[in-house]
1. Residues that are among the small types (G, A, S) and under 23 Å from G308 (Cα atoms), at least 1 per element: which strands (runs of 3 or more DSSP E) completely within region 179-263 meet that?
2. Say whether the condition of being within 18 Å of D94 (Cβ to Cβ), of a type outside the set (S, T, N, Q) and more than 22 Å from the chain's Cα centre (by Cα) is met by at least one residue in region 32-40.
3. Could you check region 55-83 and list, in sequence order, the residues that are assigned to a loop (DSSP other than H, G, I, E, B) and more than 14 Å from the chain's Cα centre (by Cα)?
4. Can you name the residue in region 284-334 that is part of a loop (DSSP other than H, G, I, E, B), more than 18 Å from the chain's Cα centre (by Cα) and in contact (Cβ under 8 Å) with a residue 40 or more places away in the chain and, of all such residues, is nearest to F126 (Cα to Cα)?
5. Filter region 1-48 down to the residues that are in a helix (DSSP H, G or I), of a type in the set (V, I, T) and either out of contact with any Ser or Thr (no Cβ under 7 Å at 6 or more places or on another chain) or not assigned by TED's automatic domain parsing to the domain that holds L295 (or both) and list them by number.
6. V293: modelled with pLDDT of 95 or more and either touching a strand residue (DSSP E or B) at 6+ places or on another chain (Cβ under 6 Å) or surrounded by 24 or more Cβ atoms within 10 Å (Cβ to Cβ) (or both), yes or no?
7. Among the residues of region 49-58, write down those that are free of Cβ contacts under 8 Å to residues at least 24 places away in the same chain and within 17 Å of C90 (Cα to Cα).
8. Answer yes or no as to whether P220 is modelled with pLDDT of 95 or more and touching a helix residue (DSSP H, G or I) at 6+ places or on another chain (Cβ under 8 Å).
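The values are calculated or read from the model by the stated rules, or taken from the named source; none is laboratory data. Note that the structure is a prediction, hence the values are computed from the model and not measured. Glycine also receives a Cβ, built like all others from the backbone with ideal geometry; neighbour counts cover every protein chain displayed.
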Amino acid sequence: MTVFAVYGATGHTGRLVTADLLARGQEVVVSGRDPESLAALGDVRAMPAALDDPPALRALAEAADVLIHCAGPFAITGLPVATAAVEGGCHYIDHAVEIHHVKLLLDTFQERAQRAGITMLPSVSFYGGLGDLLAGAVARGVPDIDRITVAYNVTNWMMTHGAVETARLLFADTDRIGYADGAQQYGFIEPRQAIFAFPPPVGPRPMIAPVPFPETVTVPRHTRTRAVEAQLTARTFAEDQAFTSEQVAPEARAASEFTIAAQILAGGGSAAGYLSGRDLWQAAALASVEAAVRLVDGSAKSGVASPGEAFDPVDFLTVVADRGAFTLDLPKTV
């Protein structure tokens, strides 16, 4: 029987991923650094493995067909788990938003993953992953694209400890990666104030532009464009609860509301698509589980890829939307 390993299973995202896998009738192995916390998860097989214990991580990967890594910050935790997966011959998925981690896997793990016959998908996450898929879906069939903007409107986001640490690392990093004039751009990028027009009832919102999300690395891999930018509503981090909600109950954390927009500007006109819903954590969990199930079905070729590169983005988003992750609104021509 196919085995799915969940690393970081005691965290909020890991619990959601584990619950969805079990609801789909899959065999699950939970893992993380703390044996007692893993035992508290109940009647599910546990394989403790600390990040500084390569043999234990390798044993976890060898025991599974797919490993879903849920324990950020991935700038710190990503490489040991990804290395264990490729050495153990196990498909790998993570929830990273950190662009340098995503680029590291795409640039340096490609041949290793192909030799191992596995698929590695970094950033099958809310930020980055869903934006990558939505951009690919909206851009389908649009010629001569000048610019792709992925814009996130998020309210009532209650960050976990891992998310808080990730945000601090992410926005303190001045070594940014952009995409303009048809090429990757490196170095500090001065943020600017921008307004993005979301569909009603959200409407125009002040934005942080750009934000250092993975789309500037992932979208050009599957969609030809001259520029890519990710933006985030300015009020998302200004809300009182954003950085002070590490200990809230899961039910309260599920109250986030979101809209993700992908706007395409092209020589022949423009196109836009949206997805919206409640509970960004659950949306990310459902997306990563859907990706994991598809990997064991042989739906993606071996190597390292972004979600929008590995799967048909329209089909993938439609299936995840049908599972209740969000509502999806794509251009009629898609």
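1. 183-186, 204-209, 228-233
2. Yes - at least one qualifying residue is present in region 32-40.
3. Residues satisfying the conditions are A63, A64, D65.
4. L330
5. T13, T18
6. For V293, the condition - modelled with pLDDT of 95 or more and either touching a strand residue (DSSP E or B) at 6+ places or on another chain (Cβ under 6 Å) or surrounded by 24 or more Cβ atoms within 10 Å (Cβ to Cβ) (or both) - is not met.
7. Matches in region 49-58: P55, A56.
8. No.
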